[in-house]
1. To one decimal place, what Kirkwood hydrodynamic radius in Å is obtained for segment A:57-175 from all pairs of distinct Cα atoms?
2. Across the Cα atoms of segment B:181-323, what radius of gyration and what greatest pairwise Cα-Cα distance (Dmax) are found, in Å?
3. Would you tell me the mean number of C-beta atoms belonging to other protein chains that fall within 10 Å of each C-beta in B:273-286, as a whole number?
4. Using alpha-carbon pairs under 8 Å, 6+ residues apart, how would you state the relative contact order of segment B:168-323 in percent?
5. Estimate the FRET efficiency between C:Ser278 and C:Glu222 by the formula 1/(1 + (r/R0)^6), using the beta-carbon distance for r and 56 Å for R0, to the nearest 0.05.
6. Under 8 Å for C-alpha pairs, at least 6 residues apart: give me the relative contact order for chain A, rounded to a whole percent.
7. Once the Cβ-Cβ distance between B:Val67 and B:Phe167 is put in as r, and R0 is 35 Å, what FRET efficiency do you end up with, to the nearest 0.05?
8. Using a 1.4 Å probe on the protein heavy atoms only, what accessible surface does C:Asp276 show? Give it in Å² to the nearest 10.
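The values are calculated or read from the model by the stated rules, or taken from the named source; none is laboratory data. Just so it is clear, the structure is predicted and the values come from calculations on it, not from any experiment. A quick note on method: Cβ atoms are made from the backbone with ideal geometry, for glycine too, and the neighbour counts reach across all protein chains shown. Areas reflect the complete protein model, heavy atoms only, side chains present, ligands, DNA and RNA absent. Shrake-Rupley method; radii C 1.70, N 1.55, O 1.52, S 1.80 Å.
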Amino acid sequence: MTQTHKVPFMRIAKRESMPLWHSLLIWLIGLVLALAVSAIVIYAIVHLNPIKIYTAMFEGNFGSERRAWVFLRDMVMLLCIGIGLAPAFRMRFWNIGAEGQILIGGIATAAVMIYGGATMPTWALLVLSVVVSCIAGAIWGGIPGAFKARYGTNETLFTLMMNYVAIQLTSFFVAVWENPYGSNTVGVINQQTQAGWFPAILGQKYLLNILIVMVLTVAMFIYLRYSKHGYEIAVVGESEKTARYIGINVNKVILRTMMLSGAICGLTGFITVAGSSHTISTSTAGGSGFTAIIVAWLAKFNTFVMILVAGLLVFLEKGAIQIASQYNLNDYASEMITGIILFFILGSEFFTHYRLIFRRGKEVE
Amino acid sequence: MEQILSLTQAALVFGTVILFGAVGEILTEKSGNLNLGVPGIMYLGGIAGLAGSFMYEMSTANPIPLVGLLIALLCTLAASLLGGLIYSFLTITLRANQNVTGLTLTIFGSGVANFFGGAMNTMAGGVGQISVAATSGAYRATLPFLDNVGVLSSLGFMVYVALILAFVMSWFLNKTRMGLNLRSVGENPATADAVGINVTKYKYMATCIGAAITGLGGLYYVMDYIKGTWANDAGIERLGWLAVALVIFARWKPKQAIWGSYLFGVLFWLYFYIGGLTRSSQELFKMLPYVVTIVVLIVVSIRRKHENQPPESLGLPYFREDR
Amino acid sequence: MQRDKATVSMRNITKTFGSVLANEHVNLDIYKGEILALLGENGSGKTTLMNILSGIYFPDTGHIRVNGQEVSIRSPKDVYRLGIGMVHQHFKLVNVLTAAENIILGMPGKGKLDLKAVGEQILKICNLYGFDINPEQKVYDMSVSQKQTVEIVKVLYRGADILILDEPTAVLTPQETEKLFCVLRNLRKDGKAIVIITHKLHEVEEISDRVAVLRRGVNVGELATKDTNAAEMTNMMVGHAVSLNIARPEPKDPQPRLVVDHLTVKDADGVVRLADVSFTANSGEVLGIAGISGCGQKELLESIAGLEPLEQGSIRYIRPEDGKEFDLAGMNPREIFDLGVKLSFVPEDRLGMGLVGNMDLTNNMMLRSFRNGKSVFTDRKSPRNLAHRVVSELEVNTPGLTIPVRKLSGGNVQKVLVGREISSSPTVLMTAYAVRGLDINSSYTIYHLINKQKEKGAAVIFVGEDLDVLLELCDRILVLCDGRISGIVPGVGADKNEIGLMMTSHGGDKSHDSNS
C-alpha cells in the first residue's frame, strides 16, 4: 500500500556554499531594494526627487577635496574599530564593548597630551600615547575576556555594561580637565602648541590617520590568516572541542585575543583624539563602536571587505548631513536610512545561506 | 528629609521608565531573544506617542486630554510592536544574528525618533517648543486618592501601571501554562519543540509584546519625565541601556526588577543630593548602576545558582533539523 | 500460552540512511502486559526501529498497526495520541524546571497552572507503580536515575500504554536497576506493553518475557525468554564468524609501551565509567578493545589522550629510545605533546573533535603541526604536502584541497583524519571506531595503515564494534564490560561467541574455560 506525503508549501534548506560573486549579487540586490525603500520614504516625507537627493549625498562626500579627506578620515576610523573587532568575532566572542574601549584609549591619550604637552616633544607624546592607549584598551577588553575564560560569564552583556562605565569615566575626566572652567568641555587640547597632535604629512593633516589604519588593515589580515595565533583563534572559534583535543589552551587564547581587540579599539581612540578631534568627550566614539560591530559582521571579519562596508556607511552618514543642510532637512535622516539599508542587507543574508524550495504538488511514495 | 523625599520621587520616576523597558525585555529574553534594540524601541515608542498627540493637539482648538492620551497610547503600541516585529522577522525567520539586528534597530529607532522629533520641533517653532500640554497633563494625572500621601501625591498613574505590569508579568511567567511553555522555549527549544510547543510562535509573541511594553517606557519618558516635549539629547538611549542592565541585575525576574529600578534611580540621582561633590565626582556616581550590574553578572556566573542564570539559549538561534 | 492480539504490529519495516540499510523488512509484535527485550549489537538497527515507532524517523516501506488500526506516525507529537511513549538515552528535560513542570510541559489545559493538582496526579502514578520522585524538585538537582524516572512518569502521565525504554540501565547502578525492574513489573501487571532496548543478557534473562534479536538490520528471531539461554542469545546476536582476510603480521619484539594501572574514570554526573582498569599495550602490536557501546571505551581512550580527567590510576609511557618512563595521568594534550610523546588519537567524533569541519584539508592537516618552527607565521607548505600525500596514497575522493572537510563523504573524512594522525610516526596510536560507516575499500585501507604503523613499532589500541574485524586484525583483545575488564584474550584462535559473552557479562560464561 502506498503512502502519500504532503510536502509543505515552502521548505527551507541550507545551501552548501556559494561562490563569492553570488553572495555579492544578493547583497547588491538587498542594497538596491533598500535604496528604493529609502527613496520612497524620503519622497513621502519631503516630496523631493530622490535622484537629486542621492546626488547631493555624493556631493557631500566627494564634492570637494577637503570633504574627500574628511570622508577618508572617518572611514578609516570606522575601519579601525572593525579591525579591532575582527579577531574577537572570529573567535565567536561577541565584543560589544568597542565603544568603551575607544573612549578608554581616548582618555589615556588625552591624559598624555594634557599632562605631557608642555614638557615633551610631539613625537614622544605620540609614542607614549600609543603605548598607553593600547594598554588601557587591552585592560578594558581583557577584563570581560578573563571572566569569560574563567567563569563563562556572558561576554555580550559584560562588554555592553563596560561601555557605560567608560562613558561615565569619560564624563569624569571631562569635568576634571574642563577648559574653560564651567563649560563642561575639554576644548581643543594644546590648541596653540599642537603638542601631541598628528603631524601633517605631505601637507595633509589626515594622511597619518589613513596610513596607520592601512597598515593595521594589512597587519590584521596577515595576523588572522597567516600567523599561529590567527590559526588558534580560528580553531577555537570554529570548534572549541577540536581546539582542546589538539592541546590549545583555550582560556589563554580567549584572554589574549580580547586584549588585542581592546588594544586596537583603544588605539582607535588614540587616533581620534590625537589625529582628528583633538579633544575628548563622551561623543568621541559617537556610536561608531556599535556601527563597527555591524561592519565587522557584514564583512565576515575580512579586513579588506570591511573597507567597502565602512566606506558605505560613512558615505551614507555624510551624505545625509549634506542633504540636511541643502534641503533644510533634519540630518538624523541619515541614521534612519542607514538603519533601513542595514535591515535589508541583514535580511538578504538569509538568501546566501538558505534556499527556498517551493512545492510542486504532492509526492507519492 | 526634604532631600530624601525629593530623591525618592526622582528615583521613582526614573525607575518607572526603565521598569517598563526591563519588564518588556524580560519577556523577550525569556524566549531566548536578546534584543539589543531596546533603546531603539523606546525611541520609537516615545516619538510615536509624542507625534500622535502633537498632531491631535495641533488639529483642534480644545484638545481633550483623555483622547490625547488614548491616541498617544495607540501610536506608541503600534510603533513598538512594529519595532519588535522587524527584529523578530529578521532574527527568527531570516535567521540573522541577534546582536547585529538589535544594534541596527537601535540605530534605526534613534534616527527615526530624532528625525521626527527635530521635524516637530521645527513645526512647533524651535527646539523644546513642542508642548503637548493636554496629553502630557493627562499622563501625569495622579491617582486622586493618593493626593495626600506625601511623595506619592505627585506621581503620575503610569508609575502604578508599570508596577502592575511587573506583577502581572511575574504571575504570567511563573503561574500560567503559557508562561511555563515560554520559559522552556528560552531554556531548551529542542525539548520544547519535542513536546509540541510551537517555538516560533512563542518567540514572535514574546518579542513583539515585550517590545510593546518596552515602548511604553519611551512614552512615559516623553510624557512625564520630560513633560511632553522632545530634546535630541539621547536621554532615552541611556535609559534604554539601563533597562537592559536592569534585566541582568534583576536576574530575569520581574519582581526583582521593581526594586532594582528604583535602586538604579536612587543611584543615578544620588550625586545630586550629596552635598560637596565636585562635578567630576558626580560623574563617577552615575557609574554606579552599571558597576552594580557588572558585579551581579560576575557573581551570578561564579556562584552558578541555576535560578539566577540567563535563559540557557539566550542569544542562540533555534533551527529545527530536517528529518 | 494464551496470546491476545498484538497491541503494536510492525510489518515489513525498511529504513535506509544514505547507503546504510538500518532496518530490512523487519516484523515485530508488541503485546500488552508483556516486557519485550530488543537485543542486538551496535548497528543492529534496534534503536532505529524504535525511533520509527516513536516518530523520529519515517520508514521507507512497511506499515504499523496500533490497537488494530493502521497508523502513520509522522512526528514525535503523533505518538502521544497513540499511547506510545519512548524514553531515550539522552533525556529531554529542562534543567531549571521542576519535575512536575517538565511532566506537563506542552500539554494542553487551563491557562492557570495548578501545579498542586499535577503534583497529586504524579504522586498517584508513583504510588501505583512504585516510583519515587518529588514533583517539586528541580531537574538540575536530580541524579541521573531520578531524571530517568521523571522521563518515565512523563510518558505515563500523558497516557502511554506502550513504553519503549532505550538502554535504560546504561546509566544506573545495580541498586537503581533493581528498583527500575520492580517498577517495570508493576507496569506489566497493570497491562502496559513494555519494550526494552538492551544488550545486557543477564537483564534480559531477569526482566523480560520475550526477546527479539536484531542483527545487521534483520530480525533474526523471537523467543520466549524462559525457552532460551545466554549462549543461544549471544549466538543470535553475533552470528557466525565471517572471514574477512585481513592481514595480521606477526608482532616483532613487542616491548611494553604504555602501562595502564588501576585506572578509574567518572563522568560529569559522577557515574563511574571505568573502574580499576589495568593493562599493558606493547609496541609493534595491535591491542583490540571490544565492548558494547558505553562500556567505557570512550573514557579509556580520552583519559589516556589527556582529554578526560581521571579519578585515580597511572598511565606510564615508556620511551622507546631509552626506556625512560613518564606518567601521563592527568596531563592535557599539550603537556603530552611537549614531553615529546608521539601519541596519536583518532576519535569517534571525526568532524566534531578530530577535524574542524569548516576548514579545508590543508588547515586540518596543520592541526597537529602548526606549532612547528620558530616563526610566528604558520608553515602551510608542509601541511599542504602532507595533504597531497594523504589524498594520493589513501585515494581520498575530493575535488581539491581547499574544500571544507565536512563536505567529504564519511570514508574520505576518516582517511584524512587517520592520514594526519599517522603522519607524525606515532609511538602510540589509538583509534575509536576507525571503520564505522566506511565502505569496504576504505575499511581495508584503514586496516592496512594500522598494520603499517604496527610494523613500524607503534603500539596500536583499536577500539572496534565489529567482532569479526577484531578477531582478524588484533593480536590481543581486551574485553570491557560495564567499565571493567572482562578478560584479555589472544587474537589468534579467539572464539567469537566467547568474546560476545564476555562483552555482556563479566568474565563471560563461567561454564566455559576462559583464556585469560
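1. 16.1 Å
2. Every Cα atom of segment B:181-323 included, Rg and Dmax give 18.9, 69 Å.
3. Going residue by residue through B:273-286 and averaging, the value is 4.
4. The normalised contact order for segment B:168-323 reaches 25 percent.
5. Taking R0 as 56 Å, the efficiency between C:Ser278 and C:Glu222 is 0.90.
6. 38 percent
7. 0.75
8. Answer for C:Asp276: close to 80 Å² accessible.
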